[in-house]
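Input: a single structure, listed below in structure tokens.
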Amino acid sequence: GDLCMQRLAWLVRFGLILSDLFAKPKHRISGQQAKELVDAGALLVDVRSPAEFGSGHLDDAVNIPVGELTPRIGELPTDRAVVLYCASGMRSGRATSMLQRMGRDDVYDPGTHQNWPS
């Protein structure tokens, strides 16, 4: 009864955590593809901290730290794609997964800002 349901719920949560860790991100793209999307009108979002953003960022990027993404979701346009980046690709990957779980399918992750073409 209840114990079986609790175990099942735990296994489902554990499975979701594992799939987040090991799944290849569907929306991982190259820096060149990301630049083309932004040139075509996508919003570029830097998910690093305000201090990191302040020390240098890609042109036209807006700063929404990954920890503020959920309460600030309303700042993301729904009529155009969103490209997310960070320092290493970890936070942008997490942010992309979060947005996908919230129903956004037009989010893309080139990973680190160093992948951006010069």
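Key figures
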read-out	value
For log10 I(q)/I(0) by the Debye sum over Cα atoms at q = 0.10, 0.12, 0.13, 0.21 Å⁻¹, calculated from these coordinates, the label among [x] -0.25, -0.36, -0.43, -1.20; [y] -0.28, -0.41, -0.48, -1.17; [z] -0.33, -0.45, -0.52, -1.14	[z]
Relative contact order of the chain, defined on C-alpha pairs under 8 angstrom at six or more residues apart (%)	31
Under-5 Å amide H pairs with L44, H placed in peptide plane, nonlocal only	V62, V83
Degrees between helix 2-22 axis and first principal axis of the chain (Cα, 0 to 90, nearest 10)	30
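The numbers here are math on the coordinates, done by the rules we state, and not lab data. Here the structure is a predicted model, which is why all the values come from computation and not from measurement.
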